[in-house]
1. Kindly provide the set of residues from the range 112-128 that are in contact (Cβ under 8 Å) with a residue 40 or more places away in the chain and either part of a strand (DSSP E or B) or of a type outside the set (A, V, I, L, M, F, W, C) (or both), ordered by number.
2. Across the range 214-239, which residue is nearest to residue 186 (Cα to Cα) among those that are of a type in the set (D, E, K, R) and surrounded by fewer than 16 Cβ atoms within 10 Å (Cβ to Cβ)?
3. When you scan the range 244-256, do you find a residue that is under 25 Å from residue 107 (Cβ atoms), within 17 Å of the chain's Cα centre (by Cα) and surrounded by 14 or more Cβ atoms within 10 Å (Cβ to Cβ), even just one?
4. How many residues, within the range 159-200, are among the hydroxyl-bearing types (Ser, Thr, Tyr), in contact (Cβ under 8 Å) with a residue 40 or more places away in the chain and surrounded by fewer than 20 Cβ atoms within 10 Å (Cβ to Cβ)?
5. It is to be established whether one or more residues within the range 131-153 are buried (at least 22 other Cβ atoms within 10 Å of the Cβ), farther than 26 Å from residue 245 by Cα and either out of contact with any Gly (no Cβ under 9 Å at 6 or more places or on another chain) or modelled with pLDDT of 95 or more (or both).
6. Quick check on my filter: what residues within the range 214-241 are basic (Lys, Arg) and either at pLDDT below 95 or assigned to a loop (DSSP other than H, G, I, E, B) (or both)?
7. Restricting to the range 77-96, give me the number of residues that are in a loop (DSSP other than H, G, I, E, B) and in contact with a Phe, Trp or Tyr (Cβ under 9 Å, 6 or more places away or on another chain).
8. Consider residue 246 carefully, then state whether it is without any contact (Cβ under 8 Å) to a residue 24 or more places away in the chain, small (Gly, Ala, Ser) and touching a strand residue (DSSP E or B) at 6+ places or on another chain (Cβ under 8 Å).
Amino acid sequence: MDSDDPYFRRLKQMLSRPGVKLKRLKPSFEADISGAKHALSYLRHLARGNRIRRKAFFEAIDENHPPVLLLHGYLGTRGSMYILERRLNDDGICVFSFNLGSLNVRDIRTSAFLIHRKVESILAQTPVKKIDIIGHSMGGLIGLYYVKKLGGADRVRKLVMMGTPYRGTWAALLGVATMGLVSTSAWQLLPNSRFLRELDAGPLPPSVQFYTISAERDWVCPPRSTPVEGAESFTVPLGHSSLVMSEEVYRHVLWSLRK
């Protein structure tokens, strides 16, 4: 990484703040307090819904700093990614998010095809040929399916998956019980589902850099459900909603994008 790069300088400034390091939080009580705050903040921004207008700026885009597409998770909205989007924007990164439906319960394959169309639209407006994708929870599966199965490897430089249940999660049983009749993706999130077996088939495209970030206190997508062979992995002592709310996690995200 070039030391004259403004993003690199920004990252060094963040790491030089008193008490700010890429390290584990102090034990459980502090982590519980942080997790509760993050959960409340997540719910508040989730309520923003999908009617959020952003002004994308293209002057910061080049081959080393492509635009970033954010993908929210199951039952999420664009609003749930607001804090992460704001931080990326503050660091001069051109960010897009996508409306995946009011509740994001459709077939993951269908969502991935919509992302394919969205990426083509974004790249048609920019001088670069590739984009970075950050997916939270099921959003990571949408991004991975696009990359592995729909030709996205030619369009994606980096894919960051945050709390993504690559190996499935039994927490999806709650979605099956409440929305199973209308939600295909709830069934697809279960361990050993046909969809996850299809997604796992074949190696990761070597032209794309993959990262996974898991949370030790994540009961929705426990760390054991997130490993992807061939991806660089991080674990933080937080919860599921903290992955898109925590500044500590954001430092990992920024490092992954600017590595």
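The values are calculated or read from the model by the stated rules, or taken from the named source; none is laboratory data. Every value quoted in this text rests on a predicted model; they were computed, and no experiment measured them. For neighbour counting, all protein chains shown are included, and Cβ atoms are generated from backbone atoms with ideal geometry for every residue, glycine included.
1. 118, 125, 126, 127
2. Filtering the range 214-239 for residues of a type in the set (D, E, K, R) gives 216-218, 224, 229, 232.
Narrowing further to those that are surrounded by fewer than 16 Cβ atoms within 10 Å (Cβ to Cβ): 216, 224, 229, 232.
On the way: 216: 23, 224: 19, 229: 24, 232: 27 Å.
This residue is 224.
3. Of all residues in the range 244-256, those under 25 Å from residue 107 (Cβ atoms) come to 244.
Going one step further and asking which of them are within 17 Å of the chain's Cα centre (by Cα), we end up with 244.
With the extra rule that they be surrounded by 14 or more Cβ atoms within 10 Å (Cβ to Cβ), the set shrinks to 244.
Yes, the conditions are met somewhere in the range 244-256.
4. The first filter runs over the range 159-200 and keeps only residues among the hydroxyl-bearing types (Ser, Thr, Tyr), leaving 164, 166, 169, 178, 183-185, 193.
Narrowing the set further to residues that are in contact (Cβ under 8 Å) with a residue 40 or more places away in the chain leaves 164, 166, 169, 183-185.
With the extra rule that they be surrounded by fewer than 20 Cβ atoms within 10 Å (Cβ to Cβ), the set shrinks to 184.
Residues meeting the conditions: 1.
5. Within the range 131-153 (the criterion being buried (at least 22 other Cβ atoms within 10 Å of the Cβ), farther than 26 Å from residue 245 by Cα and either out of contact with any Gly (no Cβ under 9 Å at 6 or more places or on another chain) or modelled with pLDDT of 95 or more (or both)), the answer is yes, since at least one residue qualifies.
6. Filtering the range 214-241 for residues basic (Lys, Arg) gives 217, 224.
Within the range 214-241, 217 is the sole residue that qualifies.
7. Narrowing the range 77-96 to residues in a loop (DSSP other than H, G, I, E, B): 77, 91-94.
From the residues that got through so far, the ones that are in contact with a Phe, Trp or Tyr (Cβ under 9 Å, 6 or more places away or on another chain) too are 91-94.
Number of matching residues: 4.
8. Values: without any contact (Cβ under 8 Å) to a residue 24 or more places away in the chain: no; small (Gly, Ala, Ser): yes; touching a strand residue (DSSP E or B) at 6+ places or on another chain (Cβ under 8 Å): yes.
No, not satisfied.
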